[in-house]
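Shown next, in structure tokens, is the structure this report addresses.
The values are calculated or read from the model by the stated rules, or taken from the named source; none is laboratory data. Note that this is a predicted model, so its numbers are computed, not measured. Glycine also receives a Cβ, built like all others from the backbone with ideal geometry; neighbour counts cover every protein chain displayed.
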Amino acid sequence: MTELRQRVAHEPDAPPEDKESESEAKVDGETASDSESRAESAPLPVSADDTPEVLNRALSNLSSRWKNWWVRGILTLAMIAFFFIIIYLGPMVLMIIVMCVQIKCFHEIITIGYNVYHSYDLPWFRTLSWYFLLCVNYFFYGETVTDYFFTLVQREEPLRILSKYHRFISFTLYLIGFCMFVLSLVKKHYRLQFYMFGWTHVTLLIVVTQSHLVIHNLFEGMIWFIVPISCVICNDIMAYMFGFFFGRTPLIKLSPKKTWEGFIGGFFATVVFGLLLSYVMSGYRCFVCPVEYNNDTNSFTVDCEPSDLFRLQEYNIPGVIQSVIGWKTVRMYPFQIHSIALSTFASLIGPFGGFFASGFKRAFKIKDFANTIPGHGGIMDRFDCQYLMATFVNVYIASFIRGPNPSKLIQQFLTLRPDQQLHIFNTLRSHLIDKGMLTSATEDE
Amino acid sequence: MLELRYRGSCPSPGEAVSPPPREGEAAGGDHETESTSDKETDIDDRYGDLDSRTDSDIPEIPASSDRTPEILKKALSGLSSRWKNWWIRGILTLTMISLFFLIIYMGSFMLMLLVLGIQVKCFHEIITIGYRVYHSYDLPWFRTLSWYFLLCVNYFFYGETVADYFATFVQREEQLQFLIRYHRFISFALYLAGFCMFVLSLVKKHYRLQFYMFAWTHVTLLITVTQSHLVIQNLFEGMIWFLVPISSVICNDITAYLFGFFFGRTPLIKLSPKKTWEGFIGGFFSTVVFGFIAAYVLSKYQYFVCPVEYRSDVNSFVTECEPSELFQLQTYSLPPFLKAVLRQERVSLYPFQIHSIALSTFASLIGPFGGFFASGFKRAFKIKDFANTIPGHGGIMDRFDCQYLMATFVHVYITSFIRGPNPSKVLQQLLVLQPEQQLNIYKTLKIHLIEKGILQPALKV
């Protein structure tokens, strides 16, 4: 990661043909050959150096290697501080930030597609890609809003109709985009257009679904958002540190700078970090409680009775560790056990997301997805390891932590026909009586 | 659709891949592409032509061999080639329609298997095209991975369907209980294994190819597998929701072709030069009428109208129920202008017939866009047909291209306008909750039902 990043000052959107010969100082793996026929596969020009002038001047006397190190370090701290500020600001701001990150990632990947396929000449396509992004976001946000703001939605008449026919409206919007695509097919550009169509859809699949799963996790409780993301970030940093100091055996041909020492060291460090972080966070209600929308105050509240997961319990330490630590029992939050699972996933499988992104960058001969963050590359470069984490956390919560959302169930129940409602009610009643939760006597409350 | 379908005796798809340096000299021999210069070692740069700006640089993919059975060929050898083609198409059309009826007769389970079979075949056809386009037969890992992803996604969808509809059956078996409870996790783990295998299988110099095939596989899964599962969900709603849409699309195909054949004059869209406005509009009206009549005929029978249920006592599917109001005759007063035309005050219709008008309209107006999409796709990749499974018609995908959007539309239509959430699913989810949550919900529901007057407070039901 400490490659030289000399960048020649280019305009960001210039057509690639003029720049291909001079853009890249170093690309991992194959370098582009320069015959005519391979014009398209030449490395794409990198955008201008975005390091702020301030930093440039302050570090101008250091050697370029250390300068790079410092730029990365400062930006890392800046991003982490930014993260803390947003957490402080609350779930609504977090939601907006997630959405912005999603849009930026989409923009970056689509721009790469345009550059690869030189499809700037098809302006319809940019409109269509953004239109599809809008449709899919509308669909997902509509579902989320309907779930979590149920009472608000029921009150307002237009919102109620929109939510009742939500799927139909989303499908219609998507269909319009599909028909526009078919009508926009131009002779001699069919393959290009189909590629861009496929590219757009795969990008939507990756970026938008993940971001919505992140928001779902967020609504479960901010701890389900913060701990996984921090574990991935920690794994990134720790693996880098361990690799820097102890790295010797290469891990995978795709990313020659990753080493086994970094990988394993990062794994243990992340598990420990996850345990500590969840211990600290489980104490605070604002992190642990599901985010709810309060109708009276018209705002988000995170106030509740913490569930069992977040109450200290005594665990007996198995004999093996007992002799090492010298304690018989330990008080932990059950959530910390779950955090071990989350950290393990973040360290073992999360990097595959990073390798996927590395392979992608090599396949399309780009150094970074974009150049938004000086020293780090684009937003996608920072989030590549997070790809799978959000889905994993969501699946984990759905499988192991909680069942279906009770308020959603009530909402679905209320849309059924009266005879169906009665049938379900009676079945539930007999089930509860069987379980002994309900006796016929208590029916009379 | 009356193009001549002569096929030269080319090698079958399995051997159609010529080694890369000769790709420029394939069937369309006059296509001198940039690929002739890629005798260099960097195979990745072969994709100059894949990412080329215009389609004219792309060589044609050789077509597969002619598969018309010998019997047919002999019987029709006397006719001129144009009529011979017509007869082959006609006979195959009738064969397919009879096969369709036969399977309907055999019941919903067979229909489900048929849908699954078609889905697998469509997937196979599209993936084979991808292999040929990218000459990726040299990467055998990829075929395994594509089929593995197909299996994963099918497992995920079928698991969700089984859990919903066979709740009683599933409750009995212990292992199935475990699988259902952790179904999402298991499916995700399976998918992840495939994802990691993909990442580990990335080979230097083949990165771009592998990413293309990865994306190709995923988009194909998105199109074929999700649609087929929506078809099956529609089927479980009641066979009529499966039959009427599919027949409307088929009818639209046939009648648009006939109208175009007899009256066609104004071309419809540059993509498909044989489609005409006359065919389009004529097909629209005849499909609406056909849908109307088919809905009327089918609504009478419980077999078609009832949701498919699995009865644990008889261990089979049953379609027996009290038909819902949609399928009970009602009298409607005709609006004045229709009154004058038909000279009747009222008419008795099934409400479903009104819905069938919506379905037929969609099938005729938007369904063809699926066909144009497939035509554009075939032109983009310079193939004549998706495959050559059905003599005279092409591959399975060629027959089903107009159905793409229909299944999704019917599903969305049903969930938006016909029924709310599935009651058994709601019940199943209720039973999975924690007992305290169940108690809370029970209390909330009780209050609600009493308010609405559905439940009498003093009555112990």
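Here are A:I112, A:I169, A:I161, A:I103: which of them is of a type in the set (V, I, T), surrounded by 15 or more Cβ atoms within 10 Å (Cβ to Cβ), within 12 Å of chain B (Cβ to nearest Cβ) and free of Cβ contacts under 8 Å to residues at least 40 places away in the same chain?
The unique qualifying residue is A:I169.
When the stretch A:204-227 is examined, which residues are found to be over 16 Å from A:M380 (Cα atoms), out of contact with any Phe, Trp or Tyr (no Cβ under 8 Å at 6 or more places or on another chain) and not β-branched (V, I, T)?
A:L213, A:H216, A:E220, A:W224, A:F225
Can you confirm whether the stretch A:375-382 contains a residue that is farther than 27 Å from A:M222 by Cβ and surrounded by fewer than 20 Cβ atoms within 10 Å (Cβ to Cβ)?
no
Looking at the stretch B:190-204, which of its residues are at the interface with chain A (Cβ under 7 Å from one of its Cβ atoms) and either buried (at least 16 other Cβ atoms within 10 Å of the Cβ) or of a type outside the set (D, E, K, R) (or both)?
Within the stretch B:190-204, B:L192, B:F195, B:C196, B:V199, B:L202 qualify.
Run down A:S211, A:S184 and say which single residue is more than 9 Å from chain B (Cβ to nearest Cβ), of a type in the set (S, T, Y) and under 16 Å from the mean Cα position of the chain (by Cα).
A:S211
Would you check if A:R65 is assigned by TED's automatic domain parsing to the domain that holds A:V291, modelled with pLDDT under 80 and touching a His at 6+ places or on another chain (Cβ under 9 Å)?
no
Just a yes or no: is a residue in the stretch B:291-305 more than 14 Å from chain A (Cβ to nearest Cβ), crowded, with 20+ Cβ neighbours inside 10 Å and in contact with a Pro (Cβ under 7 Å, 6 or more places away or on another chain)?
The answer is yes; a qualifying residue exists.
Condition test on B:F185, is it within 12 Å of chain A (Cβ to nearest Cβ), crowded, with 19+ Cβ neighbours inside 10 Å and modelled with pLDDT of 85 or more?
Taking the combined requirement at face value, the residue does not satisfy it.
Just checking, does the stretch A:187-201 include any residue being away from chain B (no Cβ under 13 Å), at pLDDT 85 or above and within 30 Å of A:R126 (Cα to Cα)?
no
Considering only residues of the stretch A:397-413 that are part of a helix (DSSP H, G or I) and facing chain B (nearest Cβ under 7 Å), which is modelled with the lowest pLDDT?
Among residues in the stretch A:397-413 that are part of a helix (DSSP H, G or I) and facing chain B (nearest Cβ under 7 Å), the one modelled with the lowest pLDDT is A:P406.
Restricting attention to the stretch A:334-343, which residues are crowded, with 17+ Cβ neighbours inside 10 Å and either over 14 Å from A:I401 (Cα atoms) or aliphatic (A, V, I, L, M) (or both)?
Listed by number, the residues that qualify are A:L342, A:S343.
Kindly check whether there is at least one residue in the stretch B:344-356 that is under 18 Å from the mean Cα position of the chain (by Cα), within 30 Å of B:M96 (Cα to Cα) and aliphatic (A, V, I, L, M).
Among the residues of the stretch B:344-356, not one is under 18 Å from the mean Cα position of the chain (by Cα), within 30 Å of B:M96 (Cα to Cα) and aliphatic (A, V, I, L, M), which makes the answer no.
Inspect all residues belonging to the stretch A:262-282 and state whether any of them is over 25 Å from the mean Cα position of the chain (by Cα) and of a type in the set (S, T, N, Q).
The answer is no, given that none of the residues of the stretch A:262-282 is over 25 Å from the mean Cα position of the chain (by Cα) and of a type in the set (S, T, N, Q).
If a residue must be among the hydroxyl-bearing types (S, T, Y) and surrounded by fewer than 18 Cβ atoms within 10 Å (Cβ to Cβ), how many such residues does the stretch A:256-279 contain?
1
When you go through B:F284, B:F214, B:F198 one by one, which is the residue that is within 22 Å of B:F369 (Cβ to Cβ) and of a type in the set (A, V, I, L, M, F, W, C)?
Going through B:F284, B:F214, B:F198 in turn, the sole match is B:F284.
Only one of A:V186, A:V207, A:V232, A:V227 is hydrophobic (A, V, I, L, M, F, W, C) and surrounded by fewer than 18 Cβ atoms within 10 Å (Cβ to Cβ); which?
A:V186
Among the residues of the stretch B:255-271, is any within 14 Å of another protein chain (Cβ to nearest Cβ), surrounded by 19 or more Cβ atoms within 10 Å (Cβ to Cβ) and among the hydroxyl-bearing types (S, T, Y)?
No, the stretch B:255-271 has no match at all.
Pairs, please: C-beta under 8 Å, at least 6 apart or cross-chain, first residue of a type in the set (A, V, I, L, M) and in the stretch B:217-235, second outside any helix (DSSP H, G or I)?
B:L235/B:V308
Among the helices (runs of 4 or more DSSP H) confined wholly to the stretch B:273-376, which include 2 or more residues that are touching a helix residue (DSSP H, G or I) at 6+ places or on another chain (Cβ under 7 Å) and either assigned by the TED database to the domain that holds B:F261 or hydrophobic (A, V, I, L, M, F, W, C) (or both)?
B:277-298, B:302-305, B:351-365
In this structure, does A:A346 turn out to be buried (at least 20 other Cβ atoms within 10 Å of the Cβ) and more than 10 Å from every other protein chain (Cβ to nearest Cβ)?
Answer is yes for this residue.
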